[in-house]
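The values are calculated or read from the model by the stated rules, or taken from the named source; none is laboratory data. Predicted, not measured: the structure shown is a model, and the values here were computed from it. For neighbour counting, all protein chains shown are included, and Cβ atoms are generated from backbone atoms with ideal geometry for every residue, glycine included. What goes into the accessible areas is simple: the full protein's heavy atoms, side chains included, and nothing from ligands, DNA or RNA. Shrake-Rupley method; radii C 1.70, N 1.55, O 1.52, S 1.80 Å.
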Amino acid sequence: MAEVKVVIPGDAVDTHMEVDGQEQRVLRLGPGLGHIGDTISAVNAGVLHSSDDGSQYWVVSNKRRYVAAESEPVIGVVVARHAEGYRVDIGSAHDALLPLLAFEGATKRNKPNLAIGTTVYARVSVANSLMDPEIECYNANTGKSEGYGELSEGFMFKCSLGLARRLFSSKAPVLNALGAKIPFEVAVGLNGRVWINTEAPETTVLVANAIKNSEFLDAKQCRQMVNELLDKH
């Protein structure tokens, strides 16, 4: 089991890594970390995490409110429309702006018409302390939606920010355990929101309950819990 490293504001974070004898210099810093002078330091208290290849580092804490960070996927709800686009609730201190043209293939004459209350899956494109966050429903590098856009049907629920980050991993035990037993669609927003879509309402309830119950379980316990829920289903 990997060592758990807890950091507090001001702690220096060692991100030195070598790959095939060469130092890995390109790093992406996520929430909870900041570049202060020549040092990468924690700005929030929590547990330090890193990607498998060591190119990304972030701090997971049990904050109740999401703080937008560039390139992170989020699930939002359209709350208003104006001339430039939509205002979308992503659970942060301020609503995010979703431009009218921030969709795959969108033009001035051909753009989506989202109703108030529509749920969307998007990525954060602008996030800083001087302006409201901005999101987009496509990958600006490829021009393709790549799964982003309106989430029709299905069911959206909230979870802790820490659980959302664990679910976003391809190794998420509860999602792998569920996927081995039943078909379902899932979208995970790092803003603590999860969207699921299944073939029947009772299956949706089962999947949602399994995900919520998994927060403090390891892989073996997740498999056991999913099997117990399926037995009662």
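Tabulated data for the structure shown
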{"quantity": "Unit charges on C-beta of K, R, D, E only; dipole of the chain, Debye", "calculated": "620 debye"}
{"quantity": "Carbon plus sulfur fraction of accessible area for the chain, probe 1.4 Å, in percent", "calculated": "48 percent"}
{"quantity": "Within region 54-153, trypsin sites (Lys or Arg not before Pro) in DSSP loop having at most 10 other beta-carbon neighbours inside 10 Å", "calculated": "Arg64, Arg65, Lys108, Arg109"}
{"quantity": "Label-point separation, Ala93 to Asp38 (7 Å along Cα→Cβ), nm", "calculated": "3.2 nm"}
{"quantity": "Long-range amide H partners of Cys159 with built H, under 5 Å", "calculated": "Arg193, Val194"}
{"quantity": "Stretchable slack from Ser170 to Ile182, in nm (0.36 nm times residue separation minus alpha-carbon distance)", "calculated": "2.6 nm"}
{"quantity": "Within region 139-233, GluC sites (Glu not before Pro) in DSSP loop having at most 12 other beta-carbon neighbours inside 10 Å", "calculated": "Glu153, Glu199"}
{"quantity": "Lys158 accessible area, assembled protein chains, probe 1.4 Å, Å²", "calculated": "140 Å²"}
{"quantity": "Qualifying chymotrypsin sites (Phe, Trp or Tyr not before Pro) in region 140-227, DSSP loop, other Cβ atoms within 10 Å at most 11", "calculated": "Phe216"}
{"quantity": "Signed unit charges on C-beta, dipole axis of the chain, positive-most listed residue Tyr66, Leu151, Val7", "calculated": "Leu151"}
{"quantity": "Ala219-Gln56 pseudo-label distance in nm [points 7 Å out on the Cα-to-Cβ vector]", "calculated": "2.0 nm"}
{"quantity": "Distance histogram for region 99-157 (every C-alpha pair counted, 5 angstrom bins, percent rounded to whole numbers)", "calculated": "4, 17, 25, 24, 19, 9, 2, 0"}
{"quantity": "Cα gyration tensor shape of region 146-233, rounded if a/c is under 1.5, else prolate or oblate by comparing a/b with b/c", "calculated": "oblate"}
{"quantity": "Three-way shape call for the chain based on the alpha-carbon gyration tensor, with the a/c threshold at 1.5", "calculated": "oblate"}
{"quantity": "Helix-derived mean residue ellipticity, 222 nm - over the chain, DSSP H n ≥ 4, -39500 (n - 2.57), to 500", "calculated": "-5500 deg cm²/dmol"}
{"quantity": "Using a Förster distance of 30 Å, the FRET efficiency for Asp14-Val79 (Cβ separation, nearest 0.05)", "calculated": "0.10"}
